[in-house]
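The values are calculated or read from the model by the stated rules, or taken from the named source; none is laboratory data. These numbers come from a predicted model, not from an experiment. Using ideal geometry, Cβ is built from the backbone for each residue, glycine included, and neighbour counts are taken over all protein chains shown. All accessible areas refer to the heavy atoms of the entire protein, side chains included, with ligands and DNA or RNA removed. Shrake-Rupley method; radii C 1.70, N 1.55, O 1.52, S 1.80 Å.
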Amino acid sequence: IVVSHNPDVGLFIKNNNTGDDKPIVLNLQTGETDIQANDVLGSIRFNAPDEDTGTDALLVGAAIDAISEGNFSSSNNATKLAFRTGASETATEKMALTSGGNLQLPTDTTVLSFGADSEVTLTHVHNTGLRLEDSDKLIFGAGNDLTLHHDGSNSYISDAGTGGLYVLASVFQVNNAA
């Protein structure tokens, strides 16, 4: 392993072993002997401590933390990765990947943007649900068999599939919302 430094770029760590399956491994280890729920096992933090403007500019702007999801034992080391970002604050958790593989977005009003220009967004509305913007569509089936959308004035359910459209309910009502 070679550790080198370039004053204009930073620190380099290289494994000079040229054999197959010889990656470089950076292993962050805690010395704690009793890991409890929510203990941070390791963290990679990003900040600009020499920023001239001071205050918020000096705070941690982003971080990736490994956090225990429970008390460690001989049969448990459940750990999540917490992704933290800042916006005029010390970086706080905005996304997590749990030990079970679940992706969590714990912030109300979280927006998922899709497409190269973020032309479709899905927004979490606190205690209400998920919102698509006007003219965005939910599309089901490989051939756009069923679409649901609202164009800003009217709402549409379009069934272009080869089968029928079935509504199954013990009670079915259609009401004028006016």
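If a residue must be in a loop (DSSP other than H, G, I, E, B), farther than 30 Å from L105 by Cα and either modelled with pLDDT of 90 or more or not polar (S, T, N, Q) (or both), how many such residues does the range 146-172 contain?
Of the residues in the range 146-172, 14 are in a loop (DSSP other than H, G, I, E, B), farther than 30 Å from L105 by Cα and either modelled with pLDDT of 90 or more or not polar (S, T, N, Q) (or both).
For the range 1-26, enumerate the residues that are open to solvent by less than 100 Å² (accessible area, probe 1.4 Å) and within 22 Å of F46 (Cβ to Cβ).
Listed by number, the residues that qualify are V3, S4, N6, G10, F12, I13, I24.
So in the range 27-42, with the set limited to residues that are in a strand (DSSP E or B) and among the aliphatic types (A, V, I, L, M), which one is most open to solvent (accessible area, probe 1.4 Å)?
Only one residue tops the list, namely V40.
Residues in the range 43-60 that are hydroxyl-bearing (S, T, Y) and within 22 Å of L28 (Cα to Cα): how many? Break it down stepwise before answering.
Step one: of the range 43-60, the residues hydroxyl-bearing (S, T, Y) are 43, 53, 55.
Filter once more, keeping what is within 22 Å of L28 (Cα to Cα): 43.
Qualifying residue count, the range 43-60: 1.
Residue-by-condition table, conditions (1) touching a Ser or Thr at 6+ places or on another chain (Cβ under 6 Å); (2) under 11 Å from I64 (Cα atoms); (3) not small (G, A, S):
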position: L81; (1), (2), (3): no, yes, yes
position: R84; (1), (2), (3): yes, yes, yes
position: T90; (1), (2), (3): no, no, yes
position: E93; (1), (2), (3): no, yes, yes
position: S99; (1), (2), (3): yes, no, no
position: D108; (1), (2), (3): no, no, yes
position: V111; (1), (2), (3): yes, no, yes
position: F114; (1), (2), (3): no, no, yes
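I'd like the full set of residues that are modelled with pLDDT of 95 or more and part of a loop (DSSP other than H, G, I, E, B), limited to the range 65-100.
E69, G70, N71, F72, S74, S75, N77, A78, T98, S99, G100
For every residue, the table says whether it meets (1) assigned to a loop (DSSP other than H, G, I, E, B); (2) more than 29 Å from the chain's Cα centre (by Cα).
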{"site": "S4", "(1), (2)": "no, yes"}
{"site": "G19", "(1), (2)": "yes, yes"}
{"site": "I24", "(1), (2)": "yes, no"}
{"site": "I44", "(1), (2)": "no, no"}
{"site": "D50", "(1), (2)": "yes, yes"}
{"site": "T53", "(1), (2)": "yes, yes"}
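Take the conditions modelled with pLDDT under 90 and not in a strand (DSSP E or B) and apply them to T109. Does it pass?
Yes; evaluated as a whole, the condition is true for this residue.
Mind checking which residues of the range 135-167 are loosely packed, with under 13 Cβ neighbours inside 10 Å and closer than 22 Å to A177 by Cα?
Answer for the range 135-167, where residues must be loosely packed, with under 13 Cβ neighbours inside 10 Å and closer than 22 Å to A177 by Cα: S135, D151, G152, S153, N154, S155, Y156, I157, V167.
How many of the residues in the range 116-134 are of a type in the set (S, T, N, Q) and surrounded by 11 or more Cβ atoms within 10 Å (Cβ to Cβ)?
Within the range 116-134, residues that are of a type in the set (S, T, N, Q) and surrounded by 11 or more Cβ atoms within 10 Å (Cβ to Cβ) number 2.
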